[in-house]
Amino acid sequence: MKKVALHWKIMIGLVLGVVLGLICSQITGGKQFILDWVQPFGNIFVKLLKLIAIPLIMGSLIKGISDLKDISKFQSMGLKTIVLYIFSTVIAISIGLSLANFFKPGDGISLETVETLKSNYVDNASVKSKLLEAETQQSQGPLQFIEDMIPSNIVEAMGDNKSMLKVIFFTLFLGICLLLIEEKKAKPLKDFFDSLNDVILKMIDIIMLFAPYAVLSLLATVVVTSDDVTVLLALLKYAGVVVLGLLLMIVFYCLCISIFVKKSPIWFLKNISPAQLLAFSTSSSAATLPVTMERVEEHLGVEKEVSSFVLPVGATMNMDGTSLYQAVAAVFIMQVLWPEGLTFSNQITIILTALLASIGSAAVPGAGMVMLLIVLDTIGFPKELLPIGLSLIFAVDRPLDMLRTTINVTGDATVAMLVSKMERTK
């Protein structure tokens, strides 16, 4: 009997999770059953992925750098990576702004719907925490994000997945210094990280055996904790514009793979699909990173020296899906609450601010909303309307977060393949 491919197992788990969630949401005590007996398995899976993310970055990145032999190759690869990430993010934001201006999703929202959403979410604890977090970030200096990249204590940084940039900085520094000392002296440490990398990859293989069941758990939890259906329907046009933009980004990635890498888009999507499905289920680029690296290296044929640098950096600074969502959400909120602010100059500011905000954003669920608040505040959106603006989109944020994280991960894989192709043809 032919073995079922992993992506099909995950897809089956996803469908069964939705079905289980729908059934339990209609049964008395069903929601509590999911929260008590199903949700913990999904949480355990996500924790396992996060557990190995930092060791994987360190082992893989140091192995990749130390195998380069020539530091100039690392400089070349780094420049290509950053330029491609910035370019793809600008494309994503531009698509989002274009669609939001063309379809005008905010025009269909009635005052009654605004009041309903305001009463449901304006005092929500999550909304308040995101407002506070955005306020804290805005009070920082213009170079704070660079300062935040430098850890004062690497052990402390390794204990927090939100500090991935700090770990990447330390690991890059360590890997470069390994290149600069005698090979004989560097060999023991290099051998240690080579071995660590192999062990972590085996851990990924074992953890992924549990993936279909974890996806079932995560999706069932999302369904039973979803908001009022009538509210979701009111925001359907806004959500539809975001989804259309995200689909166009998939088309953009497929064109890049077809034209520049000379590979079939179907082949690309098939091989990256397990990482996409996990990104959809977890809403976290950081949690998905171990799987993304495994798929890109083992199934898409990208060299370890490329993937070990491009993908960890991308998980932190490449937020194509999130940036596109911010563009649509910002215009949608302004169409409803502040139509006079929809000027050309403000929309150019949205592109620049969303680009800068995406670089230092945490690769965790909900980070996009904090970035959105910073974008809105930068263009002069009335501060007293910010809580109402956030409450407008909060009801559909979770499913959209799942979709935009999928795009983020796909963008990381696309850039890794492009950089790999460029490095081979030099």
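The values are calculated or read from the model by the stated rules, or taken from the named source; none is laboratory data. Keep in mind it's a predicted model, so treat the numbers as computed, not measured. Glycine gets a Cβ as well: all are built from the backbone with ideal geometry, and neighbour counts include every protein chain shown.
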Take the residues in the range 124-147 that are modelled with pLDDT under 80 and over 20 Å from residue 390 (Cβ atoms); name whichever of them is nearest to the chain's Cα centre (by Cα).
145
Looking at (1) in contact with a helix residue (DSSP H, G or I) (Cβ under 6 Å, 6 or more places away or on another chain); (2) surrounded by fewer than 18 Cβ atoms within 10 Å (Cβ to Cβ); (3) closer than 25 Å to residue 163 by Cα, can you tell me which one residue 398 breaks?
(1)
Condition check for residue 260: in contact (Cβ under 8 Å) with a residue 24 or more places away in the chain and surrounded by fewer than 17 Cβ atoms within 10 Å (Cβ to Cβ)
yes
Which listed residue is modelled with pLDDT of 95 or more, crowded, with 16+ Cβ neighbours inside 10 Å and on the phi < 0 side of the Ramachandran plot, from 97, 6:
97
Report, by residue number, each residue of the range 71-119 that is of a type in the set (A, V, I, L, M) and in contact with a Ser or Thr (Cβ under 7 Å, 6 or more places away or on another chain).
92, 93, 117
Need pairs with beta-carbon distance below 7 Å; first residue closer than 13 Å to residue 234 by Cβ and within the range 390-404, second of a type in the set (Gly, Ala, Ser); sequence gap 6+ or separate chains.
393/329; 396/239
Run down 270, 263 and say which single residue is over 29 Å from residue 100 (Cα atoms) and assigned to a loop (DSSP other than H, G, I, E, B).
263
Single match in 165, 179, 174 (criterion: surrounded by 12 or more Cβ atoms within 10 Å (Cβ to Cβ), over 30 Å from residue 353 (Cβ atoms) and touching a Ser or Thr at 6+ places or on another chain (Cβ under 8 Å)):
179
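Please indicate, with yes or no, whether at least one residue in the range 181-190 is of a type in the set (A, V, I, L, M, F, W, C), under 26 Å from residue 412 (Cβ atoms) and at pLDDT 90 or above.
Pass one, the range 181-190, residues of a type in the set (A, V, I, L, M, F, W, C): 181, 186, 189.
Of the ones still in play, those that are also under 26 Å from residue 412 (Cβ atoms) are none.
No.
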